[in-house]
Amino acid sequence: MQSRKVYLDNSATTIVNAEVIKDMEAYFANIYGNASSIHSFGRQAKEALNNSREQIASLLNASVDEIFFTGCGTESDNIAIFGILNAHDFKGHIITTKIEHHAVLYSCQYLEKNGYNVTYLDVDKDGVISLEDFKRTVRDDTVLVSIMHANNEVGAIQPIEEIGAYLQTINESRNNKIYFHTDAVQTAGKVHLDVKALKVDLLAISGHKFYAPKGIGVLYVKKGTKIKPITFGGSQESELRPGTENIPYIVGITKAFEIANAYLEENNKRVLFLREELKEGVIKKIPEVIINGSGSKAVSSILNVSFKYIEGEALLVMLDMCGIAASTGSACAVGLGGSHVLQAMCVDPIAAQGTIRFSFGCYNTQNDVDYVLEHLPKIVEKLRLMSPMYKGKVLKQGF
Ligand code: PLP
């Protein structure tokens with residue numbers, strides 16, 4: 001067994017930054033009041049809540065009353081989608097893509113079963129939708145567009161600003177406004193998010209993708225948006241997300257978002273360099289690989305590779321035995337069959353079975369890449385020698 005550990009699964013989740021933990025600590029042990037209480041304990045908690053909301057609003061170029069704290073990215077997406085639909089008294093048409101995270105995809109599939117019409121946009125080989133296709137799908141009864149900012153498996157970035165601009169223009173002459181939601185869970189902390197520049201009405205982020213703890217998210221809702229709550233209880237978060245606010249985690253996501261934005265360019269540069277080093281090393285050292293998604297239209301942190309003739313799960317297990325943590329795609333989709341994202345990108349289904357996502361974070365180093373490049377080629381070779389698919393190919397070629 002190896003003692004060395006290399007973590008290349010930062011799109012699944014990240015370590016919590018030490019500075020974030022430090023800021024959170026006081027809110028567990030000392031400032032532990034309920035932000036709705038009127039005594040001094042509560043007022044201190046409320047002050048932390050207000051400050052956090054102000055900081056997140058400022059980082060997203062939003063107003064304080066447009067920021068809602070939630071329990072995670074999935075919850076933010078669900079409030080956005082179901083909240084908009086609940087506020088409309090007709091079953092409007094929804095436009096989304098075939099490559100959304102299950103938080104959006106399964107919500108849309110559920111809605112379809114309940115009488116809503118949903119259009120799932122195709123993507124090209126790089127995982128990007130066509131703006132023209134999108135424009136053609138808009139209907140008189142369209143009420144919601146939900147398109148992710150960057151995909152979690154291949155990193156593909158979608159033309160959110162262009163979609164937002166188009167919707168803004170057509171909304172001027174429509175009776176029923178089309179609301180625009182984007183799941184920005186994979187871009188928060190990696191791309192400067194400006195809700196005004198993106199021209200979105202709703203935007204979801206999740207703390208554990210940028211060095212805050214798991215279990216805390218944010219939903220931006222533009223002022224004037226017709227939205228209703230999907231859970232009921234207290235008056236917290238303007239009744240859109242009732243439930244006692246999780247102050248330590250709210251302080252944590254705020255600090256993490258601040259740090260991620262302050263070091264964004266620096267981190268992206270480093271991460272991009274490491275990703276390209278790994279990509280070039282893999283191409284040089286391992287035959288018959290496919291790089292999925294285009295580096296130039298994707299976040300800098302994700303490298304998605306299909307290794308032909310082997311199973312991704314077997315490769316993951318053997319990498320894990322060497323102390324290397326990666327993933328076969330979305331951590332949330334493990335055990336749910338093949339990747340719907342690679343399928344939508346028309347990646348050869350046999351090759352897709354041998355797909356691994358390496359996702360970099362700000363703590364990765366050149367040594368990590370070197371270590372992976374030392375072990376990965378040997379593991380791939382070993383697995384291919386055991387693979388009936390590979391043996392069949394070798395026999396066919398008459399070696
Ligand atoms: N959306 C995307 C694009 C994601 O990658 C994830 C998590 O992997 C989520 C939503 C869900 O976020 P959370 O784990 O905070 O529920």
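The values are calculated or read from the model by the stated rules, or taken from the named source; none is laboratory data. Being a predicted model, the structure only gives us computed values, none of them experimental. The protein model used for the area step is the full one, side chains on, heavy atoms only, and it has no ligands, DNA or RNA in it. Shrake-Rupley method; radii C 1.70, N 1.55, O 1.52, S 1.80 Å.
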Exercise. Based on the Cα atoms of region 1-126, what semi-axes does the equivalent ellipsoid have, where each is the square root of 5 times one gyration tensor eigenvalue, given in whole Å with the largest first?
Worked result: 35, 26, 13
Problem set entry | Where 283, 227, 147 fall by accessible area, highest first, once all protein chains stay in place (1.4 Å) | 283, 227, 147
For this session: Round to the nearest 10 and report in Å² the accessible area of residue 386, as given by a 1.4 Å probe over the protein chains' heavy atoms.
Result: 120
For this session: Any chance you could look up the accessible area of residue 105 with a 1.4 Å probe, heavy atoms only, rounded to 10 Å²?
Result: 10
Problem set entry | Antiparallel bridge percentage (DSSP; both residues within the chain; nearest 5) | 55
Seminar exercise, completed: Applied in sequence order to region 231-242, the curve 6.51 cos²θ - 1.76 cosθ + 1.60 (Karplus, θ = phi - 60°) yields integer Hz couplings, x standing for Gly and Pro, of 10, 10, x, x, 9, 4, 6, 6, 6, 7, 9, x
Seminar exercise, completed: Heavy-atom accessible area of region 1-43 with neighbours in place, 1.4 angstrom probe: carbon+sulfur share in percent works out to 57
Problem set entry | Karplus 3J(HN,Hα) series, Hz, for region 291-300 with 6.51 cos²θ - 1.76 cosθ + 1.60 (x for Gly, Pro) | 8, 9, x, 9, x, 6, 10, 9, 5, 6
For this session: Report the full-extension gain for the segment residue 139 to residue 366: residue separation times 0.36 nm, less the Cα-Cα distance, to one decimal in nm.
Result: 76.7 nm
Exercise. Compactness ratio of region 120-203: Cα Rg over 2.2 N^0.38 Å, N = residue count?
Worked result: 1.07
Problem set entry | Placed amide H near residue 142: partners under 5 Å, 5+ positions off or other chain | 93
For this session: Order the following by accessible area, largest value first: 169, 96, 137. Probe radius 1.4 Å; ligands, DNA and RNA are ignored.
Result: 169, 137, 96
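Report the far tail of the P(r) of the chain, meaning the percent of Cα-Cα pairs longer than 38 Å. Could you put the intermediate results ahead of the total?
Working: 18895 of 79401 pairs.
Of the Cα pairs, 24 percent sit more than 38 Å apart.
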Seminar exercise, completed: Everything considered on the Cα gyration tensor (a ≥ b ≥ c; rounded for a/c under 1.5, else prolate if a/b is larger than b/c, else oblate), region 52-195 must be described as rounded
Problem set entry | Contact order normalised by residue count of the chain, Cα under 8 Å, 6+ apart, percent | 23
For this session: Scan around residue 180 for amide H atoms under 5 Å from its own, H built in the peptide plane at 1.01 Å from N, and keep only partners 5 or more places away or cross-chain.
Result: 145, 201, 202
For this session: For residue 177, go through the lysines and keep the ones whose alpha-carbon is under 25 Å away, minus same-chain ones fewer than eight residues off.
Result: 91, 98, 113, 135, 196, 199, 222, 223, 226, 228
